[in-house]
Structures are given as structure tokens and as C-alpha cells.
Amino acid sequence: MAQAVRFQPQGELAHSVPVDLGKVRQPHYGRYLEEFAPGQVFVHPRGFTFFPAQMEGFARTYMQCNPLYLNEEYARASGFAGLVASPQMVFNVVLSLGVQNDSEKAMANLGYYDAQYLRPVHAHDTIRALTKVVDRKERGAGKPGIVTIRTLGINQRDEVVLQYQRKIMVAGQGDRPPTTPLPRAEGGQMPSFPWVEDAQVFLPDFPARLPVGLSGPASCFEDFSVGEIIVHANGRTITDEHLALTYAVGNTHPLHFDRVFSSGLSGKMSGDPIVYGGLVFAWLEGLASRDVSDNSVWELGFTEGYHTQPSIGGDTVAALSRVLAKEDASGPLGAQFGVVTFQLVGVKNITAASALARHGADLFIKENDKKDLGKEKIDEKIFEIERRLLIRKRS
Amino acid sequence: MAQAVRFQPQGELAHSVPVDLGKVRQPHYGRYLEEFAPGQVFVHPRGFTFFPAQMEGFARTYMQCNPLYLNEEYARASGFAGLVASPQMVFNVVLSLGVQNDSEKAMANLGYYDAQYLRPVHAHDTIRALTKVVDRKERGAGKPGIVTIRTLGINQRDEVVLQYQRKIMVAGQGDRPPTTPLPRAEGGQMPSFPWVEDAQVFLPDFPARLPVGLSGPASCFEDFSVGEIIVHANGRTITDEHLALTYAVGNTHPLHFDRVFSSGLSGKMSGDPIVYGGLVFAWLEGLASRDVSDNSVWELGFTEGYHTQPSIGGDTVAALSRVLAKEDASGPLGAQFGVVTFQLVGVKNITAASALARHGADLFIKENDKKDLGKEKIDEKIFEIERRLLIRKRS
Amino acid sequence: MAQAVRFQPQGELAHSVPVDLGKVRQPHYGRYLEEFAPGQVFVHPRGFTFFPAQMEGFARTYMQCNPLYLNEEYARASGFAGLVASPQMVFNVVLSLGVQNDSEKAMANLGYYDAQYLRPVHAHDTIRALTKVVDRKERGAGKPGIVTIRTLGINQRDEVVLQYQRKIMVAGQGDRPPTTPLPRAEGGQMPSFPWVEDAQVFLPDFPARLPVGLSGPASCFEDFSVGEIIVHANGRTITDEHLALTYAVGNTHPLHFDRVFSSGLSGKMSGDPIVYGGLVFAWLEGLASRDVSDNSVWELGFTEGYHTQPSIGGDTVAALSRVLAKEDASGPLGAQFGVVTFQLVGVKNITAASALARHGADLFIKENDKKDLGKEKIDEKIFEIERRLLIRKRS
């Protein structure tokens, strides 16, 4: 820290620089359909340093109950190097880092697939994100197309902490000016994109005796049985807080925080800013957490995730979980842990119990399959996903 | 950090697991009247690590002015090991940690008694909470009963940082299913509950010369006289922020953040989510702070605390303090410090000055005593408590 | 940490202390016109420790995109000692620390002038503030006067990090009681006030190769041309969050968070709480940041800053920048950096593009000059300022 520099005093200049309305530039971000091409790799700007208070703040905002994200002593006693960032926070941040490039012009997020958490994120880790275009499907002139992308979250040691795939609906460029410049391929090469096939998960050496008393008494591996439906008692009313929370995770899409923009849209999305889907997912996961995940030691990942209706400020969201599978963890982990797969369903402006009473089994059928089955979509249903956790056995 | 584990790829499962509406489970938390028994000790889940930004954030949200909670240099220069967590934050967190077990089914918090802050909480301390049932009073079939509980906040060195008692109004179970499983007494023994009778307070060795210039000029021990009424000028409008703030301190009661739940209630509590009382107390204390507590070096505690009316988002709260007693601290501390007891009264949707003009001395009579005195309760009054502080003398 | 002290148990006292309505005190803060005198120096209470999560939180709340404020690794790789506090945060905090004394009774903030950022603020730095009265202009009986003050932000090593001047409109005292006690001049001397004339800026030794890939591709020094107008695409709807954010930076003026106070005013400011201008400035700067400042390594400062219309919760703000000047940095810095001066203009409840289409060149004329030019003020325009940045050249 060592140079002292003297700059000219700052004088007032505006009146002496004529306004030239011929020199207007309006930078745009995101991409139109034509601006995606399979094989492209984007390095996303900014990155995100995880400070412990932000980690704890995220877990508390979204009502997560696993003490790994809230209690540093507990995390250490469980074998981790310190407080663990909620995987849901890692997902929200990694996705959001890519929005400015990938989806700030997108019309909809169509689905999340094959998300895998490969390593813990701890305090003071810095995560950056990369995206690769996997597929672009055009659906005819004037129609938006579908782009499939893969995204990686990478820490400061160049280790992948998360990888997932998503599909987005993107409008054609038409006569609009181009947006974000295409990535420059150094020497004709795109940046490397270290997606891991058949990935390993890097876990701590768990102690023989995990801490007791600070996680729920009824959410161990033995407490779940395949097929059971767990109705999570409490809901959460989403307030206008969601505008700030969108950018708190780095998401730059104006649909979520710019009412002039959102109310200027036509159709279903017109009106108040729409809650960024990652936040909805986070609240639903949090509402479920004390019943299903506060004895988990790892989120393995999720797939087939769909936001089936948008939410706005004022909506109250609630959640149900259904146990899809359970099995011992393989190898030595099996003595202490099992793997449980849950279907997580979100509803809004109705209690989870009432939603189950009203819609029964239909709640758990994917909304995209309803048409083929001759069933109506459920307006009160906002989200569906399958998630897989590594959960403690009762000690 | 050392094991790499390969899990099976996650495939879609929901369609292959038939939905069985006969296997529904709805976990409930909190307890009904019959589920409390004197002598029970509950170890509360999760715990809470105090990170400095959360400590500062709490103090700023609730408008606390004592630099001990805002300025690390000042705290060190005052003899503390570092930034001090606001005792009000410690209280809010310790109470909230117990809500899931103690009061998530409670109908009302009736009062706070005999709260004693025994040790500072500093950055990176982790606090857990325990509760013991002291008394259960039934009031006849169909009527809610009154449960008296004591709660401890304990740090990672097993030292008690806070102890207090409260009374809650709890409905009978009726034909509802049981809630949180009863604690298992190991070997027939409840967990130990180290409530401290005739407690000592652990304070730093204060320097001979405390820092000057960063705390208010008119809130030293000498500035207060017994009987005086201090009208705090500013109010604070509570916004919908309170929904998130409830869970930020760990409180899981849906009355405070679930509009489907709160609007489904009947009677006085029906409608918008009610502001969690701990937050109201915190704002009132903060509004008073620059006039009464920014030269305090310790909050000794409080008693006879009552929320006399609920608040909701949109309400503006304001505060008055009345000096009930002052005396030199005993022993060597007396040269630098005195003990001042204040009555703190909160009002809403009126300025503190107008409330005093309108209600006069009645503002300072406990609402529960009004009936016997033939007086009307004051609708605009929301809170009353007596608090005791250790305050610097002018140096 | 070493003394154990036993205090008397706290008993209930309120009923035994008669209420004396003759002993009422209402402390007031801020100053009326007569309470300012040129030459006075005020040492502001409290101070503010910058924790990294608050630094990151500020940058995210206000949508700032420069990775120096968001990514610790990037900041270090750029030559800084660690994460950098956004200069905008430093400005907001330093101004706010002075509000309780300088402007809690002020009717309006008239302008910001000659702000100079002299040193970085890093995590765990503690900033305090001092203000000196430079001028007091009376405008006749019954009229508010104009006070010119200079304020310094000083770190724990007694180094000036920020200095600026502002003008405020202040009402006369009339028959109101006095407010904050005047500062006591020790030995007849006011505290020293180390404003730096012809100041040097203390910058790190920048590495020969700055980090690439994490800041925007089109905001390097070469990308700007004098005279061009940059329309920033996104707006931000300000929610009731602004009430809490005001005190989060330490501002104590009730106009911003007390609806009973704000709705009791007469005239233009009556109604909902007004957004504290510092926050508006911060959002506008943030909305501009990915287009103009995410490749800056230093904010040199700003001048001629005016809030030309107030904003309230629910307003959506948007921004435009105009390039007023650019030149190479002098000396060895010039190889890597240039200095760019921007005019930043804010509008509300209209997109920046529509505001430009509707008002053209008039948007960039200072509102205070409009009358002399025979032009109408623009209701939709909320802010104007000139700011100067040190920006990377393309490497």
C-alpha cells in the first residue's frame, strides 16, 4: 500500500460539454436466441466471496434448520472445516452469476437438471461461474427457442463445487441490437469447461460420534419410509424483500426488481416484479428443512426441477415432501448414513395440508405430464423437484 | 477433508413411486398444555453462532446507539475482548431458539421476568439454549392454561450468558395429535439445567480511562434523576421486514411470518402477521438508546415485561423512559459507574410526546393493574418493562 | 476479562415511584440555524466498524458490480490489502454519522461538493467522523438559512479516508428549546479538523497484470468517448426496505423511517417516509456500475451533487451517465489507467431510455440553472452529480 498520487482538483464540467443526442449507447446484457451457439463457453463476471455472516444470513432468510449452516461449533464437530455454506445458497449464487450473460434476456427458466454438489463451500471461499452452451433448439420464426446450458461453480482453488444443467426459453433477436459481446476464444479456443462426468463428492472424514441434541429428533434416516408424504406445517409470506434478495445473490434480471419493467410486460408476467425462482426454491427447501434435512450432512443434488407458476410479493408459500427412495450409503459411509430421495412440491396461498386435501395424488404428478394424462394443471402449485440427501442414522 | 465418494447418478423417480395418500405425516412443533410437566428440561435445537456482521446488523436494525455494539475499537478501549453482542440480541436469540419447542403452539407470551445477563457474548461465540418447566397452571376444561418456564443461554464454554423466566398461555391438546416428542431422560435423568441463583456478573476489567467523544454527551449517570420522564423524540415505522427478522433470530412461530396462518385465526390476532414481541422490545430499546443507554457498559437485566397490545407491519412505535432508581455501583466499580433502573414504555401510531400529553401518569401504570384501579387500558400502549443498566459516570 | 460482580436482585419498582409529570425531558438532536457558528468543530458519536459482510451487503443492496467490493480474491489480485469497502458506502456512513448533530433538524440537503476519497477502507477498519461549520447564511426572519459544512471520515490510524462539503437548509430555532449541547472547546480550542488541501490519494502498488475475466468487457478506459450518453438498461424499485437501510448506515433523521413524523409534516415532504438521499445516490451509482465503473480501481470523488426531487418507497429509479472528460492518469499510472469524469443523472418511474427520449438534452442541465435559462424543471429527474473515476485500460 504505497503510492501517494495527487490528482487535479475536480471542477464542474457538465455545462462546458455540449449534449450530443447523436452519441447514445445503451448496453444490453443477456443474449437473444441467435447469440447462443453450442460449444460456446462463457466466463461470468464478478464472482462471490462467501463471508460467514452472508452464509448465516442466507440460511436464516430462507428458514433453513440444518445447524451445519448456522452453528460453527456444530459444523466443526461434524467434521467440516468450519461453517458450511448452505448448498442452496451455492446454487443460488452460481446461477445468479450467470444471469447477466445467460438469461437476462430469457423469457423463462424451464427446468433444472442433474445438479450435483461436489464440495463444501466454507467461509472466505470465492466462487466464480462458467457456462457452456449444450444445445439450441429453434421452434420457428417469431417463436422463442430453447437453449440448454451447463453451469459450473468453481472455487479459488479451481475445484468444481457445483455443476448443473438448465433449459431456458429465449426470444429471437429480431431487429434488436446485439447484447453482450461474444466471448473471445484465445487462439481460437474457448475457455476450458471442466464439467465432471461420473463425479466424486468430496466429503470430510466424519467423526465416529456426530454431535447430538442440536438437530431434530425425528429426521434421521430411520425416520423416513418410502412413499410417505410429509406435510410441512408452516408457510412463509414473501414480502417485497425479494427485490433486494435477488441482487443479494447476484441476479441481474430486471423482472425481479424493476416494477417499470415488469409492469410494462404483456401477458402472465405483467405486473409486480416476479420472485426469482431460486428464492422460491430456497424458501420451500427451508420450510421443509426441520422435517427432512436438519440431520443431513450433505445435499447430493437435485433434478427435474420446475417452477410451474410464478410468485409475487405477498404470496405465501408452503411445502410438502414425499419420500421416493432410501438406501444405505455404500461402503464405509453406510454405517452412519443413508441416502434419501425426496420429491419436494411447493404451493402458494393455501396451507400444505389443504392443498393435499384438495388435490391429492395430482399434487405429485409433474405439471408437464398433466396434459398427456388428461389432467388439469394445479394453479396453486408453484414448484416441483426431486432432491437427494445424505442423512445421518440415529446414533 | 479427505474422502472422495462416488454416488449413483440421480435419476427421475417420482413417476415410479405410487402416491399413497394413506401414508401422510404432519410433524408439529411446540407443545400443548398437557405436554408440559414441571421438571422437564428441553435442549433446544440448532444453536446460533454470533458473527460480527450479524451483531452489528442487529444493533443497526433496531437502532441501538451504544458504540459497544457498533464500534470494535471502542469496545476494546472499554475493556471488552472485542465487539459486544447487544444483550437485546442475545435475549432475542435465546428466546427464539426455544420457540420451536416451548411456544410454537402458544397463544400468547404473557410476560418476561428476572432476566439477567451474566456474561458478554463476543464474535464467534456460539450460544445454545435450554428450558425448564417451572409451573403449569390449568384453568379448567376448554380454557388455555399458563406455563411458567425458565430459559438459559449457554456459550460454547458451557457458561451461562443469560437466564430469564417467562409465562406463556397455552391451549389444551384436545383431540389434536401430539407434537414434539418429549425429551428422553438419559438413565431416567433430565439434562442438567444450571440456572444460577444469586448470580454473579462477569465483567471486564475496565480501564481507568474509558473512551470519550463517541457516546452521547447527556446520558451519563449524573444526567439522570429519579422520577424524571424522558420522551424519546423519534419513532420507527415497522415494515414487512419483520417477517424475515423473526426467523433471523431463529423464531419459528408462523404467527409472525405466515399470512395464511395469521389470517386464518379468529379474534384479535387475526389478519396480518403479528410482529414478534422480541423485535418490538428491541426497537423500543433502540429508540431510547441515545437518551439512556449509550453510556452504559452493561445491561444487568429486566423484569415485569409485558406486551400489552400486538403490533403489525405498518405500525410506528415510539418510546418513553422513566427513571425509577439510581445508586452508585457497589465496591470499586462505584468510582466509575452507577446502576440506573428505568421503566420503558412503548406506544404505537402516536408520538411519545402526544401519548404523554394524552394519558399522563396512566402510561406508567401496569396495564394488568388497571382493572383493579378502575382504569381503562390504553390501546396505544404496546409494551412496558423495567430494566437496569450499569452506566458510566462523567469522566 | 476478570471481575465477577454480584448485584442486588432486581425487584419491581414502578409502582413505588410516583409519576411526576413536572419532570419531563425531551432530548432533541440536530441543530437549528442559530446553533451553528462558523468555526465550530463537532466530533460525531459512535463510529462504524466495517465488517466484510456489511461491505459486501452494501454493495449487493445497491447493485454495485465492481468486483473489488464483492470478491476478496479479485481485490487482492488487484493490489489491495483485501476486500475494498465501496466508496459509496464510506460516503453514506460518514455522512450518516454526522446527521444526529448536523442535520437531524435540517429541512433539506442542498448539495454535495468536492468529495474526495483519499484512502481505501478495508475490513475491520473503524471510521469516525468530524464536521466543521464553514459558513452560515441567514435569509431573513422566519426563513430557513443555509449552512455550509465540511465533514471528514477518519480511520483508526487517524488517517482521512474521505472529505467533502455539503450545504443544508436549516430552520431557525424560534421559541423551541435548544438541541444538542455545543461542543466544549478544551482550553478554549475546538478539536483539530485535519481537512487536507491539495490532497494526495493513497493507492496500492498495482500489479503489472491486473486480473481479467471478472469485470465487464466493455467498460475499460478505451471504451468511453467524451460526450457519449450511456443509458443504463435496468431500474430498481425501492421498497420499504429503505426505512431500515437508513439506520443501517447510521442515519438518525426520522423523515426517513418514522411515518408518524413524515405524515405530520406539511408541504411536499408530507406523507410516506422519504428515501434518504444517500441511498438514492447509491442505487443510481449501482445501476450505472456495470456500464461505467466495474473496471475502475478508484473513485476519486464527486461534486455538484443535487437531489432534485424526493423519492419514496414504491418509486422505481433509473440512471444515465454522460462522459464529460477523459485523460490518461499522470505519471507512471498513465500506462495502466485513465481518469474519466461522468455526469450521473437519476430519474424515477420512467425508464432511462424513455426519459432521454422525452427530455433530451434538458436532462443534463442542472435543475438549479433551469430558471435562468427559461426552462421547466423535470419532475421525473431526481438526481444529478459529476463523478470522477480511475479506470483500467484494456490489458
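Just checking the listed ones, A:Ser354, A:Ser86, A:Ser262: in the Gaussian network model of chain A with Cα springs under 10 Å, the one fluctuating most is A:Ser354. Using a 7 Å offset from Cα along Cα-Cβ at C:Ile312, what residues in the stretch A:255-290 end up with backbone N under 19 Å from the label point? Within reach of a label on C:Ile312, which here means backbone N under 19 Å from a point 7 Å along Cα→Cβ, the stretch A:255-290 contributes A:259-260.
Enter the buried accessible area of the A/C pair, total of both sides, probe 1.4 Å, in Å² rounded to the nearest 100.
Numbers: alone 19240 and 19210 Å², together 32730 Å².
Approximately 5700 Å² gets buried when A meets C.
Roughly how many percent of the accessible protein surface of the stretch B:257-317 is carbon and sulfur, given a 1.4 Å probe and a whole-percent answer? Don't jump to the answer; show the numbers that get you there.
Details: 740 of 1420 Å².
So the carbon and sulfur contribution to the accessible surface is 52 percent.
Each pair of Cα atoms in the stretch C:330-395 enters the Kirkwood radius, and Stokes-Einstein at 37 °C and 0.692 mPa s then converts it into a translational diffusion coefficient of 234 µm²/s.
What ranking of A:Ser16, A:Ser96 comes out by heavy-atom accessible area, probe 1.4 Å, highest first? All intermediate terms of the calculation are to be shown ahead of the outcome.
Values: A:Ser16 75, A:Ser96 0 Å².
The ordering from most to least exposed comes out as A:Ser16, A:Ser96.
Among C:Gly174, C:Gly187, C:Gly47, the largest mean-square fluctuation in a Gaussian network model of chain C (Cα springs under 10 Å) belongs to C:Gly187. For the stretch B:52-110, applying the loop criterion from DSSP together with a ceiling of 10 other beta carbons within 10 Å to the trypsin sites (Lys or Arg not before Pro) yields no site.
At the residue level, A:His124 shows approximately 90 square angstrom of accessible surface with a 1.4 angstrom probe and all protein chains present.
Tell me, what is the percent relative contact order of the stretch C:63-186, built from C-alpha pairs under 8 Å that lie six or more residues apart?
In percent, rounded to a whole number, it is 25.
Here's how it looks for A:Ala108: its modeled amide H is under 5 Å from those of A:Met169, which are all 5 or more places away or on a different chain. With all projection directions averaged, the alpha carbon convex hull of the protein assembly as shown covers 46.1 nm².
Name the most mobile residue of B:Leu97, B:Leu152, B:Leu83, meaning the one with the largest mean-square fluctuation, in a Gaussian network model of chain B with Cα contacts below 10 Å. Most flexible of the set in this elastic network: B:Leu83. Of the trypsin sites (Lys or Arg not before Pro) found in the stretch C:272-373, the ones in coil according to DSSP and having at most 12 other Cβ atoms within 10 Å of their Cβ are C:Lys371.
When only Cα pairs below 8 angstrom with a gap of at least 6 residues are kept, the stretch C:100-251 shows a relative contact order of 23 percent.
Leaving out ligands, DNA and RNA, what percent of the accessible area of the stretch B:1-124 is carbon and sulfur, probe 1.4 Å? Provide the component values of the computation, followed by the final result.
Numbers: 1990 of 3670 Å².
Percent of accessible area from carbon and sulfur atoms in the stretch B:1-124: 54.
Only alpha carbons enter this Debye calculation for chain C, each as an equal point scatterer, and the log10 of I(q)/I(0) it gives at q = 0.14 Å⁻¹ is -1.30. To the nearest 10, the accessible area of A:Tyr276 is 10 Å² with a 1.4 Å probe.
The lysines whose alpha-carbon is closer than 27 Å to the alpha-carbon of C:Lys375, local same-chain residues fewer than 8 away aside, are A:Lys23, C:Lys143, C:Lys167, C:Lys268, C:Lys348, C:Lys366.
Residues in the stretch A:324-355 near a label at A:Ser395, defined as backbone nitrogen under 17 Å from the 7 Å Cα→Cβ point? A:333-338, by backbone N distance to the label point.
Close amide H pairs (under 5 Å, H built 1.01 Å from N) link B:Thr180 with B:Gly30, residues at least 5 positions away or on another chain. For B:Lys393, a cut-off of 13 angstrom between C-alpha atoms picks up these aspartates and glutamates, skipping any fewer than 8 places away in its own chain: B:Glu222, B:Asp223, B:Asp294, B:Glu327, B:Asp328.
Using the Cβ of C:Ala218 as centre and a radius below 11 Å, the other residues enclosed give a net charge of -1, where K and R count +1 and D and E count -1.
Are there any GluC sites (Glu not before Pro) in the stretch A:58-119 that are in a DSSP loop and have at most 16 other Cβ atoms within 10 Å? List them by number. Walk me through the intermediate numbers first.
Working: sites: A:Glu72, A:Glu73, A:Glu104; in loops: A:Glu104.
Taking the stretch A:58-119 and a limit of 16 other Cβ atoms within 10 Å, no loop GluC sites (Glu not before Pro) are found.
Residues of the stretch C:60-91 that lose at least 30 Å² of accessible area (1.4 Å probe, protein heavy atoms only) when the other protein chains are present, relative to their chain alone, are C:Arg60, C:Met63, C:Cys65, C:Leu70, C:Asn71, C:Glu72, C:Glu73.
Taking all Cα-Cα distances within the stretch B:161-283, those exceeding 25 Å account for 60%. Diagonalising the gyration tensor over the Cα atoms of the stretch A:1-87 and scaling each eigenvalue by 5 before taking the square root yields semi-axes of 45, 27, 15 Å, largest first. Remark on the stretch A:84-187: ratio of C-alpha radius of gyration to 2.2 N^0.38 Å is 1.18.
Interface residues of the stretch A:257-282, defined as those losing at least 20 Å² of solvent-accessible heavy-atom surface relative to the isolated chain (probe radius 1.4 Å), are listed as A:Phe257, A:Asp258, A:Arg259, A:Val260.
How high is the relative contact order of chain A? Use alpha-carbon pairs under 8 Å, at least six apart in sequence, and give a whole percent. For chain A, the relative contact order is 18 percent.
Give me the accessible area per residue for the protein assembly as shown, probe 1.4 Å, as a whole number in Å². Before the final figure, lay out each step's value.
Values: 40510 Å² over 1185 residues.
For the protein assembly as shown, the per-residue accessible area is 34 Å².
For the stretch C:244-352, place one equal point scatterer on every Cα, skip the solvent, and apply the Debye formula. What is log10 of I(q)/I(0) at q = 0.14, 0.17, 0.23 Å⁻¹? Treating every Cα as an identical point scatterer, log10 I(q)/I(0) equals -0.68, -0.89, -1.29. With the simple spin-label model, which puts each label point 7 Å out from Cα in the Cβ direction, the B:Gln8 to C:Ser330 separation comes to 7.2 nm. Rg and Dmax over the alpha-carbon atoms of the stretch A:188-252 stand at 20.7, 57 Å.
The values are calculated or read from the model by the stated rules, or taken from the named source; none is laboratory data. Worth saying up front: this structure is predicted, and the values here are computed from it rather than measured. Heads up, the Cβs are rebuilt from the backbone with ideal geometry, glycines too, and the neighbour counts pull from every protein chain shown. In case anyone asks, the SASA skips ligands and DNA or RNA and just uses the protein heavy atoms, side chains included. Shrake-Rupley method; radii C 1.70, N 1.55, O 1.52, S 1.80 Å.
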